[in-house]
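One structure is given here, and the rest of the page talks about it.
The values are calculated or read from the model by the stated rules, or taken from the named source; none is laboratory data. All values derive from a computational prediction rather than experimental measurement. Virtual Cβ from ideal backbone geometry, glycine too; neighbours counted across all protein chains shown. For accessibility, only protein heavy atoms count, side chains too; no ligands or nucleic acids. Shrake-Rupley method; radii C 1.70, N 1.55, O 1.52, S 1.80 Å.
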Amino acid sequence: MFPSLFVILLSVSWKSSSTLAYPSEGFLHCLSLHFANSTSISKLVYTQRSSSFSSVLKSSAQNFRFTTPSTPTPLFIITPLQPSHIQAAIYCSRIHGLHVRTRSGGHDFEGLSYTTANYIVPFVVIDLVNLRSVQVDVEKATAWVESGATIGELYYGIAQKSRTLAFPAGLFYTVGVGGQFSGGGYGPLFRKYGLAADNVIDARLIDAKGRILDRKSMGEDLFWAIRGGGGGSFGIVLAWKLKLVAVPAIVTVFTVSKTLEQNATKLVHRWQSIAHKFPKELLMSIFISSVKSSEADKKMTIKANFSSMFLGSIDELVPLMEERFPEFGLVRDDCLEMSWVEAILSTQGGVQLETLLERHQKTGVSQTFFKAKFDYVKQPIPEMGLEGLWPMFYEEEAKMANIFLVAYGGKMDEIPETEIPFPHRAGIIYSIIYVVDWDENENKNSKRFLNWIRRVYDYMTPYVSNSPREAYVNYKDLQIGSNNMFSCKGSYAQAKIWGRKYFKNNFDRLVYVKTKVDPENFFRHEQSIPPLSCF
């Protein structure tokens, strides 16, 4: 029977329009019948009338573009404590025709883990924030981590047990592991050990039928697809088993800034030809933005911050740089030695290990309104091309814009494109992330900023990958294409537009897997993999 306590809660917390009353009330009724402990629903399910609904929805949203009053919101937010709660949510969503969005850290660039680009799609959010345990086995050099944990919580759990074990995930510690591992996941160690997804050795997943599957029971096709095929297409991954990697007790980091007046253009140009050829132990990236030439001068210039993490000592790094990149002029005083996890903290402005447990990052990833785009580069951009880019950063819309260049090569050159769905391997010399930020007062004119980044993206066309112009699924960009959420007609043709950019020839295998495990396309969003039934 429908518990009387829950009836009272419903009458107080939910009043819907006549068009949504049935699916809303029916969904809640269904949950009450299938939750293991129905009296806990009031603490785990938030309706649009719940006093804390808005704060919970915004709690891990990283892009304020998708927290405005006009943004579509879910009918419900579910914060499960155990797998059976997710199974119930999947079952009840299916029978009541609701879409599901799954959130682990909220860093989705287009907000697709907690909203939708379609205003009339009724959906629920399953927020995995309560499923975030990290279990590290030092002797076996493995770890089980639940999808609701952040990268920082994973790093903290490893650091508590060992100074010489690590995991090659991302740099920003508030990113959820569920989202990052689903799309691949690169970071400071990826030139040495590959992506996060390359180092996943098992997983527990709930499929569209509500079954809990591990690697053996899901089969190698599905296990292949969830490690880099993007989240929200195949099921909800509960937890990941990771192969931990060895790092030295001491690593070396540096950040050195160069302006145009300090030869930044020539240094960036030279970096393009050598950074991907450095030893695997060295990752050297560049963060580029515009700044004032001086406090007293209104003239603008370009500043390039060269940042590096090296799995070794200062005594090893400085001679290496003198040999491979003498123009840069690195000296010992530019460098600092510390543990691997301290190096992660230092790049993000943190000083204490406990900072990794914070789920809201104060520096690094933008927490304003922003739009990002992404490219891969296979040939060095000529100096003339760089010089043509710089003036775009002096425009008014670019006052909080930047680009981030990340060297590839190393282990990434050695792993076949088909090993996992992530195909961007040999031949890539570096990637580019373009980001433009603006504040709340400027959001009414957001088109100015969206147009600016599109113009930058268009300008870069001759210098980046083509046929297809490759992209990274973890940096979703709906400007490169999206699915029709209401009709299967033409779904493959639509999805192929963006799918080839993210997955190249692996896209068709992903479609095959999707057809096998979710032919009814229950798990879907604006850039999810379509099944064959939608051809």
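Stretch Glu322-Glu383 to full length: gain in nm at 0.36 nm per residue minus the Cα-Cα span?
19.7 nm
For the residue pair Asn466 and Thr255, what label-to-label distance in nm results when each label sits 7 Å from Cα along the Cα-to-beta-carbon direction?
3.6
Name the long-range amide H neighbours of Thr259: under 5 Å, sequence gap of 5 or more, or other chain; modelled H, no Pro or chain starts.
Correct list: Ala264, Ala304.
For Gln82 and Asn263, compute 0.36 nm times the residue count separating them, minus their Cα-Cα distance, and round to one decimal in nm.
In short, 59.6 nm is gained.
Given a cut-off of under 8 Å on Cα pairs at least six residues apart, what relative contact order in percent is computed for region 473-535?
Relative contact order here is 41 percent.
Could you work out what % of the accessible surface of the chain is carbon and sulfur, using a 1.4 angstrom probe and leaving DNA, RNA and ligands out of the count?
Carbon and sulfur atoms account for 53 percent of the accessible area of the chain.
Please label the shape of region 134-246 as rounded, prolate or oblate, based on the square roots a ≥ b ≥ c of the eigenvalues of the alpha-carbon gyration tensor (a/c under 1.5 means rounded; beyond that, a/b larger than b/c means prolate, else oblate).
prolate
Any chance you could look up the accessible area of Met460 with a 1.4 Å probe, heavy atoms only, rounded to 10 Å²?
So the heavy atoms of Met460 present about 10 Å² to solvent.
Sorted by accessible area with a 1.4 angstrom probe, largest first, how do Glu323, Glu358, Glu397 fall?
Of Glu323, Glu358, Glu397, the descending order of accessible area is Glu323, Glu358, Glu397.
Quick check on my link table: of Lys303/Lys496; Lys476/Lys504; Lys266/Lys378; Lys280/Lys476, which ones sit more than 26 Å apart, alpha carbon to alpha carbon?
The pairs that break the limit, which is 26 Å between Cα atoms, are Lys303/Lys496; Lys280/Lys476.
I need the calculated FRET efficiency for the pair Glu442 and Ala141, taking r as the beta carbon distance and R₀ as 51 Å, to the nearest 0.05.
Between Glu442 and Ala141 the formula returns 0.60.
Have a look at His360, Leu282, Pro326 and report the one farthest towards the positive end of the charge dipole of region 264-406, computed about the Cα centre with Cβ charges (Lys/Arg +1, Asp/Glu -1).
His360
Keeping every protein chain in place, order His96, His34 by accessible area at 1.4 Å, biggest value first, i.e. largest first.
Putting His96, His34 in descending order of accessible area: His34, His96.
Using θ = phi - 60° and the Karplus form 6.51 cos²θ - 1.76 cosθ + 1.60, what ³J(HN,Hα) does each residue of region 457-474 get, whole Hz, x for Gly and Pro?
4, 5, 4, 7, 3, x, 9, 10, 4, 8, 6, x, 7, 6, 9, 10, 4, 6
Residue by residue through region 396-401, which ³J(HN,Hα) values in whole Hz follow from phi under the Karplus form 6.51 cos²θ - 1.76 cosθ + 1.60 (θ = phi - 60°), with glycine and proline marked x?
Karplus values, whole Hz, x for Gly and Pro: 4, 5, 9, 5, 10, 9.
Tell me the relative contact order for region 23-127 as a rounded percent, counting alpha carbon contacts under 8 Å between residues six or more apart.
Computed over region 23-127, the figure is 33 percent.
For Ser346 paired with Thr164, estimate the spin-label separation in nm (one decimal), with each label point 7 Å from Cα along the Cα-to-Cβ line.
The modelled label-to-label distance comes out at 2.1 nm.
Please work out whether the chain counts as rounded, prolate or oblate from its C-alpha gyration tensor, where a ≥ b ≥ c are the square roots of the eigenvalues and a/c under 1.5 means rounded, while otherwise a/b larger than b/c means prolate and anything else oblate?
Cα axes put the chain in the prolate bin.
Dipole size in debye (nearest 20) for region 23-127 around its Cα centre, Lys and Arg Cβ +1, Asp and Glu Cβ -1?
In debye, rounded to 20, region 23-127 gives about 100.
I need the phi-derived Karplus couplings for region 164-174: 6.51 cos²θ - 1.76 cosθ + 1.60, θ = phi - 60°, integer Hz, Gly and Pro marked x.
10, 10, 8, 9, x, 9, x, 8, 8, 7, 8
Given the DSSP H assignment, sum -39500 (n - 2.57) over each helix run of at least 4 residues in the chain and divide by its residue total; what's the result at 222 nm in deg cm²/dmol, nearest 500?
When only DSSP H runs of four or more count, the value is -8500 deg cm²/dmol.
Report, ordered by chain and residue number, the lysines lying within cross-link reach of Lys447, taken as a straight Cα distance under 18 Å and ignoring same-chain residues fewer than 8 apart.
Within the straight-line cut-off, Lys447 pairs with Lys371, Lys373, Lys399.
Compute, for Thr418, the solvent-accessible surface of its heavy atoms (probe 1.4 Å) with the complete set of protein chains present, and express it in square angstrom to the nearest 10.
That residue has around 90 Å² of solvent-accessible surface.
Could you tell me whether region 341-486 comes out rounded, prolate or oblate from its Cα gyration tensor? Rule is a ≥ b ≥ c as square roots of the eigenvalues, rounded for a/c under 1.5, then prolate if a/b exceeds b/c, otherwise oblate.
Rounded.
Hey, can you grab everything whose amide H is under 5 Å from the amide H of Leu238? Only 5+ residues off in sequence or another chain; H modelled, so Pro and N-termini drop out.
Sorted by chain and number, the residues that satisfy this are Arg204, Leu205, Ile206.
Would you kindly find the accessible area of Arg324, with a 1.4 Å probe and non-protein molecules such as ligands, DNA and RNA excluded, rounding to the nearest 10 Å²?
Spelled out: Arg324, probe radius 1.4 Å, area about 90 Å².
Where in region 232-257 is the amide nitrogen less than 18 Å from a point lying 7 Å along the Cα-to-Cβ axis of Lys216?
From region 232-257, the list is 239-242.
What percent do you get for the relative contact order of the chain when only Cα pairs under 8 Å and 6+ apart count?
About 14 percent, as a whole number.
Roughly speaking, what is the stretch gain from Trp390 to Thr368, that is 0.36 nm per residue apart minus the C-alpha to C-alpha distance, in nm to one decimal?
5.6 nm
Under 14 Å Cα-Cα from Lys241, which aspartates and glutamates qualify once same-chain neighbours fewer than 8 residues away are excluded?
Asp137, Glu146, Asp198, Asp202, Asp214
If amide hydrogens are placed 1.01 Å from N in the peptide plane, which non-local residues have theirs closer than 5 Å to the one on Glu470?
The list, which skips near neighbours in sequence, is Tyr376, Ser465.
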